[in-house]
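The values are calculated or read from the model by the stated rules, or taken from the named source; none is laboratory data. What you are looking at is a predicted structure, and each value in this text was computed from that prediction instead of being measured. Positions of Cβ are backbone-derived with ideal geometry, glycine not excepted, and every protein chain shown enters the neighbour counts. Each accessible area value is taken on the protein alone, full model and side chains, heavy atoms only, with ligands, DNA and RNA left out. Shrake-Rupley method; radii C 1.70, N 1.55, O 1.52, S 1.80 Å.
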Amino acid sequence: MVNTIDLIKEMKEYAEDNNVPIITDEGINYIRNYIKENKIKRILEVGTAIGYSSILMALTDEEITITTIERDEKRYLEAVKNIKKFHLEERITLLYKDAFDVELDEEFDLVFIDAAKAQNTRFFEKFSKNLAKQGTIITDNMNFHGLVEDESKIESRNLRALIRKVKAYHEFLENNEDFKTTFLNIGDGLAVSKPI
Ligand code: SAH
Ligand code: MG
């Protein structure tokens, strides 16, 4: 019989072999503890990839439900398969769409932003409307694979432009009067934002 640990390992290997940027162990462990401590039940994730982070968040507590959005067909189909393997179809709703074309009217206790990094400010503005009063928005990859600290080393103009956008998002969060954000040097950098 295949167990949960083996299935998780398989997903990680698939991600490695196919260059799918799944969250680090450190990052997901922090989020899972945060979910437990804050009794989070309703989660919105922007950027499913193959379902790895969704599945690990769902396994934290049986009452958790997740809506997760992915625009890439291959990854979406892989996520569908993975979620079935864990029998989590009832608790994880996958939307095969561009997040900007998704309109949700539900409320979520946690919004996890982990999609196209250049669009983070727009994701934040769009989905903060779906955040419950005491909710939290967590953004992954605030360090952008360490590149944010080391811009001088980067030769590609596109990549430099992208890093500038990641930095602009950092400033947007810092100056946001409706949210208080804590920046954590965990995994690839997490931003934890709470309404003031
Ligand atoms: N959360 C995943 C990793 C997500 S990787 C994990 O840790 O397991 C980021 C994903 O966001 C990519 O698969 C990419 O296709 C998707 N993405 C980027 N921009 C998007 C958008 N505008 N709408 C939907 N998905 C998007
Ligand atoms: Mg990420």
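Checked across region 49-57, the condition of being out of contact with any strand residue (DSSP E or B) (no Cβ under 8 Å at 6 or more places or on another chain) and either more than 15 Å from ligand 2 (Cβ to nearest atom) or open to solvent by 60 Å² or more (accessible area, probe 1.4 Å) (or both) holds for no residue.
Annotation note: of 60, 93, the sole residue that is more than 20 Å from residue 187 (Cβ to Cβ) and of a type in the set (Ser, Thr, Tyr) is 93.
Please go through region 79-126 and pick out each residue that is under 22 Å from residue 8 (Cα atoms) and within 16 Å of ligand 2 (Cβ to nearest atom). Correct list: 79, 112, 113, 114, 115. Kindly evaluate residue 66 against the criterion of being away from ligand 2 (no atom under 16 Å from the Cβ), farther than 28 Å from residue 158 by Cα and surrounded by 15 or more Cβ atoms within 10 Å (Cβ to Cβ). Spelling it out, it is not the case that residue 66 is away from ligand 2 (no atom under 16 Å from the Cβ), farther than 28 Å from residue 158 by Cα and surrounded by 15 or more Cβ atoms within 10 Å (Cβ to Cβ).
Selection of region 1-25 for residues being within 12 Å of ligand 2 (Cβ to nearest atom) and either open to solvent by less than 80 Å² (accessible area, probe 1.4 Å) or part of a helix (DSSP H, G or I) (or both) yields 15, 20, 22, 23, 24. Being surrounded by 16 or more Cβ atoms within 10 Å (Cβ to Cβ) and part of a helix (DSSP H, G or I) is the filter; apply it to region 26-48 and report the residue that is nearest to ligand 2 (Cβ to nearest atom). Across region 26-48, the extreme among qualifying residues is 27.
Checked against (1) within 15 Å of ligand 2 (Cβ to nearest atom); (2) open to solvent by less than 40 Å² (accessible area, probe 1.4 Å), residue 162 passes all but condition (2).
When 171, 106, 177, 155 are checked against the criterion of being part of a loop (DSSP other than H, G, I, E, B) and free of Cβ contacts under 8 Å to residues at least 12 places away in the same chain, 155 stands alone in meeting it. Whether any residue in region 93-100 is acidic (Asp, Glu) and outside any helix (DSSP H, G or I) is what I want to check. Checking region 93-100: at least one residue is acidic (Asp, Glu) and outside any helix (DSSP H, G or I). Within region 60-76, restricting attention to residues that are β-branched (Val, Ile, Thr) and part of a strand (DSSP E or B), which residue is farthest from residue 39 (Cα to Cα)? Step by step, filter region 60-76, then rank; the result is 69.
Within this structure, residue 52 fails the test of being in contact (Cβ under 8 Å) with a residue 12 or more places away in the chain, farther than 24 Å from residue 183 by Cα and within 12 Å of ligand 1 (Cβ to nearest atom). Taken over region 137-150, the criterion of being surrounded by 14 or more Cβ atoms within 10 Å (Cβ to Cβ) and at pLDDT below 85 is satisfied by 144, 147, 148. In region 89-103, the residue that is surrounded by the most Cβ atoms within 10 Å (Cβ to Cβ) out of those that are more than 17 Å from residue 41 (Cα to Cα) and among the hydrophobic types (A, V, I, L, M, F, W, C) is 99.
Being more than 30 Å from residue 159 (Cα to Cα), of a type in the set (Asp, Glu) and within 15 Å of the chain's Cα centre (by Cα) holds for only one residue in 98, 109, and it is 109.
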